[in-house]
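Read the structure below first, then the notes.
The values are calculated or read from the model by the stated rules, or taken from the named source; none is laboratory data. This is a predicted model, so every value here is computed, not measured. Note: ideal-geometry Cβ built from the backbone for every residue, glycine included; neighbour counts use all protein chains shown.
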């Protein structure tokens, strides 16, 4: 991978993102090359070539021991000696540049040591065992993980397995992916002499796989520069125009953000709140997105104000002063401190209106929050201090995230990572549960494409982070994992809701669970699920229960006995002697629907409407149809079970709904309430079988009723 890197695509002054790093020149590769050609230093001092790495490292870790860095550089330089990059520079300049990126983000010494060595096992004669003996188990583990990623094919046909391997490597140690992201950033910075088609291929993989991972790991500093570099390659005209707009704005004599920053400093100084007020220019792709959203850009659209304070309480004090002394734009307020984002991001977002009508966006956070926002998991230090061997221990959800669905003991060779975000634990569980890489990839691509998240509150405490468009089905699987198969309904903001209900940011959800552990999801749940965890869990259950997917789930699924012996009764008379009959819940056939049937386990047959999508699917799979016809339909007796929540007058309301449909009640029973849930069983006489769907709908519309389904009949009774 690193052999791809060559000369910079653009001069430093024109590099994407350079406008936001004023006063911070990038290290000159020629300087690195000259230093590397001088060879290693004597054993008692640091080589000149890594002096800048040490300087950046000591800025974050002033007491860090540097001997491992010195020895790692000596080994890397001697191993790569004689290897050159396509630019003509010594190959060692690449691991040095990658290590510098990580050092500037605040990575700890073990990560930097592994970064210097990350190409040695793949590209030189250095072995993993040699790395283990000289640098210990942690460095060896990380280098091995990066090496495995190096061997991954990024071709389009290999994408599913590529991502799966990357995910496993990331889950085993997030520092593996940190090095991979820094490696890709350096290669993207120096992609200029590659053929255009190769540049485009690398940029697309970066956009589709690595940028979403950088976002989910919270490494915004890498993510934003990668976005700009990809933007330059895939959309050169829009990129050039955006740069022109930024240059025009930088040349303006008056800067509304500077004026607003001065006003904010004055307000906070008068309030006695110590704070740094900075102007944070938007990176190029962000400016482009704002232009598409708002049209013509104004001065305040090119950046945001960043207010840095010392304590959490100071963040809210700043917010109070801003909303008191300026005109707040209420719709722009977000509290990611009380409810952190899934990638550990914490900040208060607000916006204030200027007297000239421009709107200045403001970010408020502590210095520590800012470090985490920029560097994400890279800045969290060594999560394995004192642990040299992979161990099998329980995994807990990270603070502020949804419950991790990965529970119990970790598979052999993996370790518990206290910095692992909850979403990453869930992804690891999903990739294990997916039947094949293609299934995992197809469901996950939609998740990676999500650039917005909603927060849903649970009535039992805690929150769930879900993508925009998520439903109660997604909430159930995010909360309970595969136990969500038994979910039977939900209350959203105190009101009963179907599982297909789309949730909004800030909704409160109470999930209703069945005590029947044998129940499972219906195929329709796949139409309502958008998260990979839900889709994979549902798909796996359906694949394991092919005969159960044709009847309503989370309801009695016992077969209805064919009533061929009773004259005058409506029946499903099938060409299977002694077979019991089920009417498929997916299409609810009733006379005079045109029907067909399929044999299922237990000597039963399931009846569908001919035009049911399940029929097409089963015929395509080679399942033979069974002959079936309706019996006498002059009368139709059916037993229905209504599942509901207990409330006064419910029985009277259900009885009235049935009577209004012109249906006679033969008998009715009500079971004692259990956990505030009540089951009503009605045996009903329909004058016309065609009235059944309307009857079921009318009963379901009664307040408190969350499901109505057919029940088992006594032998010889009409279905």
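Looking at the stretch 331-352, can you tell me whether even one residue there is assigned to a helix (DSSP H, G or I) and not assigned by TED's automatic domain parsing to the domain that holds residue 454? Within the stretch 331-352, one or more residues are assigned to a helix (DSSP H, G or I) and not assigned by TED's automatic domain parsing to the domain that holds residue 454.
Considering the stretch 618-652, and only residues there that are modelled with pLDDT of 85 or more, in a helix (DSSP H, G or I) and surrounded by 13 or more Cβ atoms within 10 Å (Cβ to Cβ), the residue that is farthest from the chain's Cα centre (by Cα) turns out to be 619.
Search the stretch 592-605 for residues being in contact with a helix residue (DSSP H, G or I) (Cβ under 9 Å, 6 or more places away or on another chain) and assigned to a strand (DSSP E or B), and hand back the single one that is modelled with the lowest pLDDT. Within the stretch 592-605, the match that is modelled with the lowest pLDDT is 598. Of all residues in the stretch 143-159, those being modelled with pLDDT under 90 and touching a helix residue (DSSP H, G or I) at 6+ places or on another chain (Cβ under 7 Å) number 11. When residue 554 is tested against (1) at pLDDT 75 or above; (2) buried (at least 22 other Cβ atoms within 10 Å of the Cβ); (3) touching a strand residue (DSSP E or B) at 6+ places or on another chain (Cβ under 9 Å); (4) within 21 Å of residue 483 (Cβ to Cβ), exactly one condition is not met: (1). Of all residues in the stretch 165-186, those being farther than 12 Å from residue 219 by Cβ, at pLDDT below 90 and over 16 Å from the mean Cα position of the chain (by Cα) number 5.
Of all the listed residues (502, 530), the sole one being under 22 Å from the mean Cα position of the chain (by Cα), at pLDDT below 85 and more than 24 Å from residue 678 (Cα to Cα) is 530.
The number of residues in the stretch 262-277 that are touching a strand residue (DSSP E or B) at 6+ places or on another chain (Cβ under 8 Å), outside any helix (DSSP H, G or I) and surrounded by fewer than 16 Cβ atoms within 10 Å (Cβ to Cβ) comes to 2.
Having 1 or more residues that are within 36 Å of the chain's Cα centre (by Cα), under 17 Å from residue 375 (Cβ atoms) and without any contact (Cβ under 8 Å) to a residue 60 or more places away in the chain is the bar; report the helices (runs of 4 or more DSSP H) wholly within the stretch 54-145 that clear it.
93-105, 109-116
Residues checked against (1) surrounded by fewer than 18 Cβ atoms within 10 Å (Cβ to Cβ); (2) out of contact with any strand residue (DSSP E or B) (no Cβ under 9 Å at 6 or more places or on another chain); (3) modelled with pLDDT under 80; (4) assigned to a loop (DSSP other than H, G, I, E, B):
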| site | (1), (2), (3), (4) |
| --- | --- |
| 678 | no, no, no, no |
| 684 | no, no, no, no |
| 692 | no, no, no, no |
| 696 | no, no, no, no |
| 699 | no, no, no, no |
| 706 | no, no, no, no |
| 713 | no, no, yes, yes |
| 717 | yes, no, yes, yes |
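The listed residues are 294, 304, 282, and the only one of them that is without any contact (Cβ under 8 Å) to a residue 40 or more places away in the chain, under 28 Å from residue 225 (Cβ atoms) and within 28 Å of the chain's Cα centre (by Cα) turns out to be 294.
If you check 228, 250 for being in contact with a helix residue (DSSP H, G or I) (Cβ under 8 Å, 6 or more places away or on another chain) and loosely packed, with under 15 Cβ neighbours inside 10 Å, only one passes: 250. Would it be correct to say that residue 200 is at pLDDT below 90, assigned to a helix (DSSP H, G or I), within 23 Å of residue 87 (Cα to Cα) and assigned by TED's automatic domain parsing to the domain that holds residue 86? No, not satisfied. If you go through the stretch 359-378 and keep only what is in a helix (DSSP H, G or I) and surrounded by 23 or more Cβ atoms within 10 Å (Cβ to Cβ), you end up with 369, 372, 373, 375, 376, 377, 378.
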